[in-house]
1. Using the C-alpha gyration tensor of chain B, what are the square roots of 5 times its eigenvalues, in whole angstrom, with the largest one first?
2. Where in the range B:81-176 are there chymotrypsin sites (Phe, Trp or Tyr not before Pro) that are in a DSSP coil and have at most 14 other Cβ atoms within 10 angstrom of their Cβ?
3. Taking Cα atoms, how many degrees apart are the long axis of helix B:294-322 and the longest axis of chain B, rounded to 10 and kept between 0 and 90?
4. Hey, got the average number of other protein chain Cβ atoms within 10 angstrom for residues in A:96-108?
5. Just checking the output field for B:129-135: average partner chain Cβ neighbours within 10 Å of each residue's Cβ?
6. Dipole of the range A:154-308, Cα-centred, from +1 at each Lys and Arg C-beta and -1 at each Asp and Glu C-beta, to the nearest 20 debye?
7. Assigning unit charges at the beta carbon (Lys, Arg +1; Asp, Glu -1) and nothing else, what dipole magnitude in debye, to the nearest 20, does the range B:224-280 show about its Cα centre?
8. Fully extended, how many nm does the chain gain between B:Thr146 and B:Phe169 (0.36 nm per residue separation, minus their Cα-Cα distance)?
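Computed from the coordinates by the stated procedures, all read-outs in this text should not be read as laboratory data. Just so you know, these numbers come straight off a predicted model, no measurement behind them. Ideal geometry is used to build each Cβ from the backbone, glycine not excepted, and the neighbour counts take in all protein chains shown.
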Amino acid sequence: MTAFLEVDDLSVSFPTEDGVVKAVSGSSFSVAQGRTLAVVGESGSGKSVTAQAIMGLLNRSFADISGRIVLDGTDLLTLDDDEVRRMRGSTMAMIFQDPLSSLHPFYRIGDQLSEAVRVHNKVSKSEARARAIEALERVGIPSPDKRVDDYPHQLSGGMRQRVMIAMALINSPSLLIADEPTTALDVTVQAQITELMSELQRATGTTLVIITHDLGVVADMADEVCVMYGGRVVEYAPVRDIYYAPQHPYTQGLLASVPRLATDRVDRLDPIPGNPPSLINLPSGCVFHPRCGHRAEVPGDRCRLEEPRLMSVATDHLVRCHLAEQGGAR
Amino acid sequence: MGAYVVRRVLIMVLLLLLLTLTVFVLFSLLPADVARLTCGKVCTDQTIELNRARLGLDKSIWEQYWIFLTGLFIGRTYGVGEGAIVCEAPCLGFSFTKTEPVLQLILDRLPATIFLALGAFVLFLIGGVAIGVYSALRRGRWQDKTVMGISLVGYSLPSFFIGLVVIYFVIIRWKVLPFPQYVQPWDDPVRFLQTMILPWLVLAVLYAAFYTRLTRSQMLETLNEDYIRTARAKGLPERVVVRKHALRAGLTPIVTAAGLDFAGLLGGAIILETIFSLPGLGSLAVSAVLDPDLAILVGVTLITAVFIIVANLVVDVLYAVIDPRVRPS
């Protein structure tokens, strides 16, 4: 499988007055064209920063970025700001968590959509408006020729997210990054939005990177899953492997903390003990070791002393854990 | 939108009625005896009583207010027969120290004040907003720190200090400009500009300092909004992101402050008008206090209040123009 998007040894850190925040440390993963990669992790695991780094949305004067982000053969980190800007919204697009705060409250949605068309294409205003209406129709907004003149506050949350999706897809990008696209929505609407995104992806062949902590969304949409913790990729595998053969104790913990209707109801949820690590003072060795229940199974206190490598345990299945070297955790 | 404006105008009329009543009652309660003040040097109890009757001060406050109100619409006459003084509608009162209707006095003084306010307003708004945006975009760097330092000084200095310093150096020491002498721009535009440039600049510096700081903090806030990230994610050039998306969103408080400041300036920049001897509403009010002439004070207060109320209305309508969320549906 050839990678369409390849993130290689990406590190992002923000120098602050309290110390250097190491948001992402040596992350690597890739997605093939037309596939869906889910990036999973808690808040502060580096998912969103990774997404913003890909989109070139991090201010290089506040963030130190190293590594490579190769999109369709081009290393985005070697391009200058204006070249990346031209790709944003045309080659690669992004939708965000909260559609209400992500749409400008003072402009009609039609104007916001047309603006996205006109910044990348030399078309007339009426042409751009026609394309805006067309895009609204494609994401299932009823009577789009009327809604196009609405302001964001006149739409429901689900409709707003549809507008965001329409805006992201209006220039037919080959890469779409969705940063927690359903988190801010009602549960009933969440299903509609994931359904819509899958449908549009099938129709357009767009490569999709979906950032989420909703493992239901992952099961519905993802082909591959990348689990992040403390700014690192701790496990990368096809979606079936993640659910049926998770190797990293953190991935296992995530799955154990999801409520299941099928199992016995007397079972309690099994949360991961402790809190996510501070990104300024990351734990030594394996970043997960202070919360890991399998520490004792690794001899010589290696979890505390030595950072594990991201190693292959099966086809397309990578894990960053000392246990994996010994044959996996149980 | 139309209905909204109509409703606001009706409320405004009510407010003005209430305001005139308050001002009128307040001034009537003052211990000064207007009848005596307008009596002149050789003054007998008899003339005082005659004056009192002529000015209508022998009637109750409510009657006086009614006469004042009707005077606005149909005019009024002070006294009867030969020596009667007619004040035509709209009559804001009659100044017996200047022997002119108050409205005429105000209209004579209005151009200087309006030109002063308008010129300063344009300068400080454009200057303040532009420098504020610049400063926000260079947050934390030396340009930002310099601008913030200078604006703090400008914000802190009293107008009479800057005014006098500027007059001393520019006019007296360096003789760059002639002594200020107000003429109407249509009579002598050059002289007009020579007179106005310094008070404009002094006012602009004083006010721009505030607008620089306000704009900067607004910009820093809106630049962090999610929709700014969306605008960038669309691939918009940074200048469009800043001007069209961030500045527009941060405009509301700037418009509020600007509207009220402009109205305040129209009420007369008392100190600067006095320093630069501009014949405006501010200096009229000062002379009315010194004389003292209550009719003028009531008139100037009312006019100033009208400016402020109208400015509030304009600001509220502008809100709705800027922010669709506050538009009445």
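1. Working: eigenvalues 409, 145, 44 Å².
Semi-axes (√(5λ), whole Å): 45, 27, 15.
2. Numbers: sites: B:Phe94, B:Phe96, B:Phe115, B:Phe121, B:Phe124, B:Tyr134, B:Trp142, B:Tyr155, B:Phe160, B:Phe161, B:Tyr168, B:Phe169, B:Trp174; in loops: B:Phe96, B:Trp174.
Those that pass, being in a loop and sparsely packed, are B:Trp174.
3. That helix lies at roughly 30 degrees to the long axis.
4. Working: counts 5, 1, 1, 2, 2, 5, 8, 3, 11, 7, 12, 7, 1.
Other-chain Cβ atoms within 10 Å of each residue's Cβ, averaged: 5.
5. On the way: counts 0, 0, 0, 0, 0, 0, 0.
Across the residues of B:129-135, the mean count of other-chain Cβ atoms within 10 Å is 0.
6. Values: 12 positive and 18 negative charges, 44 e Å.
Rounded to the nearest 20 debye, it is 220 debye.
7. Details: 7 positive and 5 negative charges, 104 e Å.
That gives a dipole near 500 debye.
8. On the way: separation 23, 0.36 × 23 = 8.28 nm, distance 2.45 nm.
Extra length from B:Thr146 to B:Phe169 when fully extended: 5.8 nm.
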